[in-house]
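**Q** I'd like to ask you about the structure that follows.
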Amino acid sequence: MAATARNDNHRGRKVRALLAGGLVLGVGAAVTLAAWTDQEWAIGEFGAGSFNVEGSTDGTTFTDHASAEGAAELAFELPAAENLSPGDTVAAPFVLRLDEATSYDATVELTDATGEGANAANLSYGIVSVDSAAECSDTATGTDIVPAGTALDATTGATTFDLAAGADGAAGAETTLCFQVTAGPDLAQSETGTATWGFTATSVE
């Protein structure tokens, strides 16, 4: 009987040992089942396009005229432009285009007009679009941008026009504006008048 009891006790210890070992193995399996992680990243880089309108008084030499202080001086016919009499009309071209770095087309609008001097009120103007600077004259006709007879300080009736960007690093197509200024019947002798016009170009896709 004693031997049987010893064997039962021993068997019990073995069972307990195996159970304990099983618990240890179970804990070990839970530790090794760690979560896996993986990541994906993305980056975007953004750059701005270029947009710039430049002007020329002769259709050959173009530069920026970004403010009233740096306005291009239109080449009205001399000596007539300095010796006007009532009813006279003088003309001068102004050519606009988008420069070679510009990547967008533009819509252009005459947004500012000022007249200064004693004879400013006695002068009026109109603008027509013509094919080239050489075709601008006091009798030139074309697409009306500003109707003839507009006061120097007004933009009434002005219409927009488009400029197309160039391709492959070239400047855009040119638009030639022909300014026609007419002296009114009350033009004062020996007095002067000065007009300044400002255009605003807006990029379009």
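**Q** With each label point set 7 Å from Cα along the Cα-Cβ vector, what nm distance links residue 60 and residue 167?
**A** 2.9
**Q** If you don't mind, there's one more thing I want to ask. I'd like to compare 121-133, 40-52, 145-157, 62-74: which one has the highest average count of other Cβ atoms within 10 Å, and what's the full order after that?
**A** Top of the packing list down: 121-133, 145-157, 62-74, 40-52.
**Q** Next question. What's the Cα-based Rg to Rh of the range 53-204, Rh via Kirkwood?
**A** Over the Cα atoms of the range 53-204, Rg/Rh equals 0.98.
**Q** With label points built 7 Å along Cα→Cβ from the Cα atoms of residue 45 and residue 143, find their separation and express it in nm.
**A** 4.0
**Q** Right, next: Could you tell me the distance between the Cα centroids of the range 168-205 and the range 64-102, to the nearest Å?
**A** 6
**Q** What distance in nm separates the simple spin-label points at residue 118 and residue 154, each placed 7 Å from Cα in the Cβ direction?
**A** Each label point is offset 7 Å from its Cα along the Cβ direction, giving 2.5 nm.
**Q** Return the Rg/Rh value of the range 104-180, two decimal places, where both radii are evaluated on C-alpha atoms and Rh is the Kirkwood radius.
**A** Using Cα coordinates only, the ratio equals 1.04.
Read the figures in this text as sums done on the coordinates, not as results from a lab. Since we're looking at a predicted model, the values are computed, not measured. Cβ atoms come from the backbone with ideal geometry, glycine included; neighbour counts cover every protein chain shown.
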